[in-house]
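Working notes, beginning with the structure itself.
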Amino acid sequence: MSKIFITGERGFIGTNLVKRAKQHGFDFISGIHELNEDAAFVSQFTTEKGEPCVHRNSEEAWMSFFEVNEIDYVIHNAAVVGTDVVALNAKESTLTNVQGTFNICRAAKKCGIPVCYMGTTVIYDTPKYQKIAIEEDSDRGPHTFYGCQKLAAEEVVKSHSDKWMIIRPLFAYGGEGDMNSLIAKTIYAKLNGVPKVQMFLDPTKIKDYLHVNDYCDGVFSCIKEDKCWNNDFNIAAETPLVTGEIIDLMDKVCGQSFSDTIEWLPQTEYMGNHILSGRKVREFTDWYPKIGLVEGIRMSYESILKSKGYNPLQHLEEAEERGVDLTEYF
């Protein structure tokens, strides 16, 4: 069984990649010292979640970790995610998203290890694609600092890895751990009596949500295919809906009325209609999404209902406490 290491293993995507690794034939190796004695090399500098810090731990430390643990593949997933979160942590996010990628790729290259990088679709020049689906080679042109960081990181991956892959999810969502999606934030706010939650979205624009389980299955499907390496893929459910209609669907599935919980901020909507083509990944692999939006919303609702210590609104709350106007960053 091939050994795989996932940076950011306690984040939303990372946690779900870890859960699904074994069923795809991979032995997950943790980078957290309390879970793996051989993670000592990268335990000097850790994040608030206890994960090894990708930018504070040196290239040499990462090489030692990779070699001692006999890592076969690296999924580089660790990142500060989202326009709002990056706005609150501009310096640290740059170090994590760019310098951290440089460290991981350099170390992996010297150890002969392929790197699969978790990207984002906000790297694209989205205003150009309001009536057509974005494809992998569509024009780049990020409109936020977060998008700029992630695009820079993609270039680092391609230029500093002998064997690489870039995979971008379109609006991956899920239950507990999901810190960004409209679905998770709205459900959490309603269940916890939050009177209004700001959404940096226009309810009249089209979006396409992909359940995190389907995304993770897509990642592993690509990694297992030799022909997918040194290439990039966009993964989407390809079941687009107008954002306001997604809320209507949530009402029906969850037996709640969510619309009065949301404060829409359409002036911050820089992506507009955001639709991806999944043609390429379906041609290269046998992957297809298995969780429809209705089932995914139900799963998310049940997960958040049972969650403890989870708060996807923490960054909005931090911005309010610090007096930061997040609308200036969209």
### Query
Angle between the Cα long axis of helix 243-254 and the longest principal axis of the chain, 0 to 90 degrees, nearest 10?
90
## Note on the structure
Given [x] -0.35, -1.50; [y] -0.43, -1.29; [z] -0.52, -1.28 as possible values of log10 I(q)/I(0) by the Debye sum over Cα atoms at q = 0.08, 0.16 Å⁻¹, the one from the coordinates is [x]
### Query
What Cys residues in the chain have no fellow cysteine's beta-carbon under 4.7 angstrom?
53, 105, 111, 116, 148, 216, 254
### Query
Under 28 Å Cα-Cα from residue 224, which lysines qualify once same-chain neighbours fewer than 8 residues away are excluded?
3, 19, 22, 109, 110, 150, 158, 163, 280, 290
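If you take every residue apart from residue 49 with its C-beta less than 9 Å away from the C-beta of residue 49, what net charge results, scoring Lys and Arg +1 and Asp and Glu -1?
-2
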## Note on the structure
Under the Karplus relation with 6.51, -1.76 and 1.60 and θ = phi - 60°, whole-Hz ³J(HN,Hα) for segment 283-288, x at Gly and Pro, equal 6, 8, 9, 9, 6, 7
### Task
Divide by every residue of the chain the summed helix terms, -39500 (n - 2.57) for each DSSP H run of at least 4, and state the resulting mean residue ellipticity at 222 nm, rounded to the nearest 500 deg cm²/dmol.
-10500 deg cm²/dmol
### Query
So what are the ³J(HN,Hα) numbers for segment 62-75, from phi and the Karplus equation (6.51, -1.76, 1.60; θ = phi - 60°), rounded to whole Hz, Gly and Pro as x?
5, 4, 4, 4, 4, 5, 5, 8, 6, 5, 9, 9, 10, 9
### Query
Between segment 129-182 and segment 196-246, how many Å separate their Cα centres?
10
### Query
Applying the Karplus parametrisation 6.51 cos²θ - 1.76 cosθ + 1.60 with θ = phi - 60° to the phi angles of segment 183-199, what ³J(HN,Hα) value in whole Hz is obtained for each residue in order, glycine and proline being reported as x?
4, 5, 5, 5, 4, 4, 4, 5, 5, 10, x, 6, x, 8, 10, 6, 10
### Task
List every residue whose amide H lies under 5 Å from the amide H of residue 262, counting only residues 5 or more places away in sequence or on a different chain, with H placed 1.01 Å from N in the peptide plane.
197
### Summary
Taking Cα atoms, the helix 12-21 axis meets the longest principal axis of the chain at an angle in degrees (rounded to 10) of 60
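No value in this document is a laboratory result; all are computed from the given coordinates. Computed from a predicted model, the values in this text were never measured in an experiment. Methodologically, a virtual Cβ is constructed for each residue, glycine included, from the backbone with ideal geometry; neighbour enumeration extends over all protein chains shown.
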